[in-house]
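Remarks on the structure that follows.
The values are calculated or read from the model by the stated rules, or taken from the named source; none is laboratory data. None of these values were measured; they are calculated from a predicted model. Please note: Cβ atoms are built from the backbone with ideal geometry, for glycine as well, and neighbour counts cover all protein chains shown.
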Amino acid sequence: MKFNFSKSYNLSRPYIAILIVIFLWDILIFLTPFLESSEQHALYSFFSYFCHQIPLRSLTPYDVTFGVVKNFHTFPVCARDFAFYLFMLIGVVVFPAIRKTNSKEIPNIWWLIIAAVPMAIDGGTQLLGLRESTNLLRVITGAILGFVCAYYLIPLVNIFTDAFKERFTKKEKFTKKSRGYTKIGKKEKKKGLIK
């Protein structure tokens, strides 16, 4: 008997694709500090398109083995982005417990605004020079917004994939008339009305 994971857990294909992409994205972020220098440099360069990568605003993994602390390079994204991507993955994993994975129902926009307010206050006050944020605050604000964004991303991808399927799977033929195109139906073909 063949096991079909998506049907057993009632997971839609777009949901599975989102889960895989975000999981691989997070794995790349997590593994970058532990890689050899050439692979590490390539990933730091890649992630520089998505984040400022300021070392003081980034998290650094430590390895404590036999009482010796080994300091690795920082993660390739800042603390806020690290938490955002990690908690977006957690939000995607939790999503099936709350909603159907093929749901096209987008939550009220106010939930997204409420989730973005802490990040806006933290980042905005720092940008204006009123205070310096901490990595703990960056992680908390990134985690809140990342988790909530998953609940907007999945329905939007479902809407997009359904529209894409509907648009490109129609097997209708058109014929040119004097003022544009007219759809040819099966009945007209059978009756011989249209050649």
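For ILE121, indicate whether it is among the aliphatic types (A, V, I, L, M), within 28 Å of ARG13 (Cα to Cα) and either surrounded by fewer than 20 Cβ atoms within 10 Å (Cβ to Cβ) or in contact with a Ser or Thr (Cβ under 6 Å, 6 or more places away or on another chain) (or both).
Judged against the criteria, ILE121 is not a match.
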field: Within segment 126-151, considering residues that are over 19 Å from the mean Cα position of the chain (by Cα) and small (Gly, Ala, Ser), the one surrounded by the fewest Cβ atoms within 10 Å (Cβ to Cβ)
entry: GLY129
- line: Subset of segment 134-163, residues in a helix (DSSP H, G or I), hydroxyl-bearing (Ser, Thr, Tyr) and at pLDDT below 95, comes to THR161
- request: May I ask you to list the residues in segment 1-23 that are over 10 Å from LEU89 (Cα atoms), assigned to a helix (DSSP H, G or I) and modelled with pLDDT of 60 or more?
  value: ARG13, PRO14, TYR15, ILE16, ALA17
message: Within segment 41-62, does at least one residue satisfy the condition of being free of Cβ contacts under 8 Å to residues at least 24 places away in the same chain and among the basic types (Lys, Arg)?
response: no
field: Members of segment 102-120 that are hydrophobic (A, V, I, L, M, F, W, C) and either touching an Asp or Glu at 6+ places or on another chain (Cβ under 8 Å) or under 13 Å from LEU145 (Cα atoms) (or both)
entry: ILE109, TRP110, TRP111, LEU112, ILE113, ILE114, ALA115, ALA116, VAL117, MET119, ALA120
task: Please specify each residue of segment 101-133 satisfying the condition of being aliphatic (A, V, I, L, M) and outside any helix (DSSP H, G or I).
output: ILE106, LEU128, LEU130
message: Residues that are outside any helix (DSSP H, G or I) and at pLDDT below 95: does segment 91-100 have at least one?
response: yes
- prompt: PHE72 fails exactly one of the following numbered conditions: (1) surrounded by fewer than 12 Cβ atoms within 10 Å (Cβ to Cβ); (2) over 24 Å from PHE147 (Cα atoms); (3) at pLDDT below 90. What is the number of that condition?
  reply: (1)
message: So the check is Cβ under 6 Å with 6+ separation or different chains; which pairs have a first residue in segment 91-106 that's more than 15 Å from VAL21 (Cβ to Cβ) and a second one that's surrounded by fewer than 16 Cβ atoms within 10 Å (Cβ to Cβ) and among the aliphatic types (A, V, I, L, M)?
response: LYS104/ILE159
